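Scroll down for the structure; my scribbles are underneath it.
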Amino acid sequence: MTVNFRLLAVAMSIALLPIAAHADWQAVETTETYAITGTSGRELYDSIGERGPLLGPKVRAIAHTDFKLTWTRKYEPQPDGACTITVNIPKLIITYTLPKPSAQLPASTRKSWQKFIAGVEAHERVHGGFIKDMVKEIEAMSVGFSVPDDPKCSKIRVELTKRLGEISNKERQKNSEFDKVEFSDGGNLQQLVLKLVKEE
């Protein structure tokens, strides 16, 4: 079965939370698995095609990277009538979903599988890196961001949403370009799939 590989485009969830005591943060990265069947490389790959994460009504992937992003953000009216963001701390949870064989694999298949899944996870963690870079860019542009003539801090939210959309679109483009290279003829992920099926 042919598997169509695409990055799941995930909309950022931005919420206003209570003000945090400090601005230090680290992304939380977790891994989830889904069970696949088979004891040969071909069977495992076919099972991925049947059970992989759905990225659309009929599109399945080998793996995907999802994230949840919320913010502790404080908008402060200024004496001159402007509104300024004085606190902007992210909480980022990245989840990698990977396939996992449900049966014990023969030695030759196990060796091929270990190379395959290591490569797939490395690929997904590049996507995770893009997400972390995006959040850092949002953080850098947001702290101290100010809009004049906005005593009720309403205009700044509209303007911030516009800026966030631009940054998010840029992140999606990076992911798309990376996948295009990885899954092209001779690309890293294409080679991983071929070697798994051939049990090299």
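The values are calculated or read from the model by the stated rules, or taken from the named source; none is laboratory data. Keep in mind that this is a model prediction, so the values were computed, not measured. When we count neighbours, we look across all protein chains shown, and the Cβ atoms used for this are built from the backbone with ideal geometry, even at glycine. What goes into the accessible areas is simple: the full protein's heavy atoms, side chains included, and nothing from ligands, DNA or RNA. Shrake-Rupley method; radii C 1.70, N 1.55, O 1.52, S 1.80 Å.
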Worksheet item: Using Cα atoms only, what is the angle between the long axis of helix 107-142 and the major principal axis of the chain, expressed in degrees (0 to 90) to the nearest 10?
Response: 10 degrees
Discussion item. Please give me, ordered by residue number, the trypsin sites (Lys or Arg not before Pro) of region 90-170 that lie in loop per DSSP and have at most 16 other Cβ atoms within 10 Å.
Written reply: K152
Worksheet item: Equivalent-ellipsoid semi-axes (√(5λ), Cα gyration tensor) for the chain, whole Å, largest first?
Response: 43, 16, 13
Worksheet entry | Among beta bridges that DSSP assigns inside the chain, antiparallel share in %, nearest 5 | 65 percent
Worksheet, complete the sentence: With all protein chains present and a 1.4 Å probe, the order of Y75, Y96 from largest accessible area down is Y75, Y96
Worksheet, complete the sentence: Computed about the Cα centre, the charge dipole of region 85-200 from +1 Lys/Arg and -1 Asp/Glu charges at the Cβ has a magnitude in debye, to the nearest 20, of 320 debye
Item to complete: Treating the angle as unsigned and between 0 and 90°, give the value, to the nearest 10°, between the Cα long axis of helix 188-198 and the longest Cα principal axis of the chain.
Response: 30 degrees
Worksheet item: What's the carbon and sulfur percent of region 40-199's accessible surface, probe 1.4 angstrom, rounded to a whole number?
Response: 53 percent
Worksheet item: Expressed as an acute angle from 0 to 90° and rounded to the nearest 10, what is the orientation of the C-alpha long axis of helix 41-51 relative to the principal long axis of the chain?
Response: 40 degrees
Worksheet entry | Size of electric dipole in the chain: Cβ of Lys, Arg +1 and of Asp, Glu -1, about Cα centre, debye, nearest 20 | 360 debye
